[in-house]
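Novice: The structure follows.
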Amino acid sequence: MLDYDEGVAEHHAALLAHTRRSGEPRGAHDLILAATARSAGRTIVTTDARAGFGELPGVEVRIVRP
């Protein structure tokens, strides 16, 4: 578990601005997860290929099959 600190908040704001510009809104929780991973240099591992994390700039994602 990582804290929602100033660095994460800055990445969150950048990702939120990106999604608004692109016209493809994302859920608040997804953006917080993506911002946390991006800030920490981590990869999001998910089974949900439709989540679209890989479409967010600077967010690394790995899709796994259950």
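Novice: At Leu2 and Ser22, where each label point lies 7 Å from the Cα along Cα→Cβ, what is the point-to-point distance in nanometres?
Specialist: About 1.9 nm separates the two model spin labels.
Novice: Determine the relative contact order of the chain: mean sequence separation of Cα pairs under 8 Å and six or more apart, normalised by residue count, in whole percent.
Specialist: In percent, rounded to a whole number, it is 30.
Novice: Taking only Cα atoms and a 10 Å spring cutoff, compute GNM fluctuations for the chain and point out the largest among Thr19, Thr36, Thr47.
Specialist: Taking springs between Cα atoms under 10 Å, the residue moving most is Thr47.
Novice: Taking 0.36 nm per residue of sequence separation and subtracting the Cα-Cα distance, how much length would be gained by fully extending the chain between Thr46 and Val64, in nm to one decimal?
Specialist: Details: separation 18, 0.36 × 18 = 6.48 nm, distance 0.61 nm.
Answer, rounded to one decimal: 5.9 nm.
Novice: Another question, then. Taking square-rooted eigenvalues a ≥ b ≥ c of the alpha carbon gyration tensor, is the chain rounded, prolate or oblate, where a/c under 1.5 means rounded and, failing that, a/b exceeding b/c means prolate?
Specialist: Note, shape of the chain comes out oblate.
Novice: Based on DSSP H runs of at least 4 residues, each adding -39500 (n - 2.57), what is the mean residue ellipticity at 222 nm of the chain after dividing by all its residues, to the nearest 500 deg cm²/dmol?
Specialist: The helix-only estimate for the chain comes to -15000 deg cm²/dmol at 222 nm.
Every number here is computed from the coordinates shown, using simple stated rules; none is lab data. This structure is a prediction, so every number in the text was calculated from the model and none was measured. Methodologically, a virtual Cβ is constructed for each residue, glycine included, from the backbone with ideal geometry; neighbour enumeration extends over all protein chains shown.
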